[in-house]
1. Report the residue, chosen from A:Pro88, A:Pro213, A:Pro12, that carries the largest GNM mean-square fluctuation when chain A is represented by alpha-carbon nodes joined by springs under 10 Å.
2. Between A:Phe85 and residues 5 or more places away or on another chain, which pairs have amide H atoms under 5 Å apart, with H built 1.01 Å from N, and which residues are they?
3. Would you please name the GluC sites (Glu not before Pro) within segment B:355-394 that are DSSP coil residues with at most 12 other C-beta atoms within 10 Å of their C-beta?
4. Which aspartates and glutamates have a Cα lying under 18 Å from the Cα of B:Lys161, excluding residues fewer than 8 positions away in the same chain?
5. Using R₀ = 25 Å, calculate the FRET efficiency as 1/(1 + (r/R₀)^6) where r is the Cβ-Cβ separation of A:Glu77 and A:Glu274; round to 0.05.
6. Taking Rh as the Kirkwood radius, which is the inverse of the mean 1/r over Cα pairs, what is the Rg/Rh value for segment B:22-80?
7. Can you give the helix-only mean residue ellipticity at 222 nm for chain A, where every DSSP H stretch with n ≥ 4 adds -39500 (n - 2.57) and the sum goes over all residues, rounded to the nearest 500 deg cm²/dmol?
8. Hey, what does the equivalent ellipsoid look like for segment A:184-234, semi-axes from the Cα gyration tensor as sqrt of 5 times each eigenvalue, largest first, whole Å?
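Rule-based calculations on the coordinates, nothing more; no lab input. Everything numeric here is computed off the predicted structure, so don't read it as measured data. No Cβ is skipped: glycine too gets one built from the backbone with ideal geometry, and neighbour counts run over all protein chains shown.
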Amino acid sequence: MYQIKKKKILNPTVVELHVEAPLVANKARPGQFIILRVDEDGERIPLTVAGTDKEKGTVKIIYQIVGATTKKLSAKEEGDTLQDFVGPLGVPTHLDGLQNVCIVGGGVGCAIALPIAEALHEMGARVTSIIGFRSRDLLILEDEFRAASCTLRVMTDDGSYGEKGNVTLPLKEMLEGGERFDAVITIGPLVMMKFVTLTAKPYGVPVTVSMNPIMIDGTGMCGGCRLTLNVDGKKITKFACVDGPDFNGYEVDFDEAMARGRMYGAFERHAYEETCNLYKKEVQ
Amino acid sequence: MANMNPKRNEMPTQDPLVRAHNFDEVALGYTEAQAIDEANRCLSCKNMPCVAGCPVKIHIPAFIEKIKEGDFEGAYGIIAKSSSLPAVCGRVCPQEVQCESKCVRGIKGESVGIGRLERFVADWHNTFVADDPVRPAQNGHRVAVVGSGPSGLTCAGDLAKRGFDVTVFEALHTAGGVLVYGIPEFRLPKAIVAKEVETLKKLGVKIETNVVIGKTLTVDELFDQGFEAVFIGSGAGLPNFMGIPGEGLCGVYSANEFLTRSNLMKAYLDAPHTPVMKGGRVAVVGGGNVAMDAARTALRLGAEKVFIVYRRSEEELPARREEVEHAKEEGIEFCLLTNPTEILGYHNPDDPRDPKNGFVTGMRCVRMELGEPDERGRRRPVEIPNSAFEMALDTVVMSIGTSPNPLIKATTDGLTVNARGGIVVNEDGLTSRPAVYAGGDAVTGAATVISAMGAGKTAAKAIADALLDA
């Protein structure tokens, strides 16, 4: 069992947990993920590592309450335990040799983008961060990003904070203005990563995207997390759990990935409502 | 007095039409009377050809002799000396090509039902004997086992019985490997696997779940922690796909994923936490035991119609005869000499938000015929021109084998693998790294439970010899 050492509510739907898992804390690097189960018979969900504390042996995860499992997870408090917590899985984000990088995070994806920005900042790279949210209420980690970035642009869809608009606006503006990034690293909703990739394409900047497909084992056994890459005109199948989660944005078939992400949509909505009803009953 | 009936005792089974709708075990097992009657068919041959056919060398005539005497626990004692998982082997071993294929009674009639007798003995023990196994005196040597599937559990069990301090590292949350995520409940009840794992724990084997060797810890770190030898039984790994258009559609699964969702994650329950697509029309592509398991699971999950799509003919089906027969009895349709060329999906050009977009609607296939034999002597399937046709489907399960998992290879310096990614070992199971042994699918690619157990056994002996001699 894996104990929750610290819990912090970042916004009404986003929660930060520090979970005691010394072996994982000892190994995890930016870009890698863990898989957890909240309780016996629960589903296995992958969550990207948002930070580690090797001395305390804890792993930080930041997640959004979107379905039944994250709802159950949000009911756990400090001192409670999780059934399973395994990792670190996947390949760490490739950062070697990068000197001038644009990090583009969207929503809860910013939680995963932050350790990458911090690692680059520590390496002495010039970090430009663009973080986007639907509205001011959902903003997270602004101060942390500011500390790790030379330039920070905060965007909201409704203009309730920072600048109004999508994250692609400042990216396009900077690239247009002659900014020569070594790489754009983007983490967030699939549709955002797709458009970040399209925005960067005319300028020939390498784009790394962090894929977060449905997974079960996370160790290269089930193949559920597969995605299609278009490499030199050929379609090839890759597995996000062992080949990723980072991929070359120009190669990823985003439309297929988005459709696959919706595969259990109806089931998930139903399960989420059931879980919410259970908690409501408990409260009554 | 030997029973000279040329026919063996039939295995009682659940009625096909009933079992097609439940996950209870198909085969029900012999009664005591049936077991003794079947045991009496054994001629107790002096040269014991059956033992030569057993990958773990169970002393078959000796345990059958005990059954004849009605000493079922005595029979169990004999099996347990050679096998760490008798209740499992009695169910999933392909005995017809192993021990039973060598049985003298098989020359003029049917061979002795050795597998059925093994299962009877193991079940009898598990039902009536509560004694914990005696924990042997410890020899102080520590061994790490990677993976808790059949090879790992066998290796761990054999070493523990000889007094080694064994820790098994399992990546998933439950021990058992393919026995729990792959083989379905109706063929191998999970309670039986759990019982065998409990028996090993009572022998002193420690099992650490949620540890991925190659990620959480490396093989080198295991040595740093004081383990003196490491056995890698990490299994086959990445599922293969055909590389045809449409394999990324919703409703296309690898057999591994489909079975894992149903078995390990219990998607067959009424209100599961992990979903799987149920019902509708399902095609399973492939002809091995895993394909049969997937097809029969789909049926039990409520499919209207299940097809096995295989490019060769019935004769070449790699699955066990018994599994093919069971599948047919349950109503699974075999589309033989048929090869998929494309999986078709729904696409509404007018409404990108149509919830059906991206889901499977069917599969385009071509008819095949068998041509000249290939280098392995199997007749090569050749496409018949202009034979394309479409099947209407909701779910497609690809069951066309696996490729070795890259995790351990990538993080273990000096570990030699072959062109197909399998770990290279010598006859003792020793890899290119000193004190690192391997066995099972990680070495051979997808194979049987019992061959993996045989490899675990061989490595356990080599590890014991190496550490005790040193």
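1. A:Pro12
2. Placed amide hydrogens put A:Arg37 under 5 Å from A:Phe85.
3. Those satisfying the criteria are B:Glu375.
4. List returned: B:Asp131, B:Asp132, B:Glu196, B:Glu198, B:Glu228, B:Asp465, B:Asp469.
5. 0.70
6. Dividing the radius of gyration by the Kirkwood radius yields 1.04.
7. Result for chain A: -8500 deg cm²/dmol, rounded to the nearest 500.
8. 24, 14, 8
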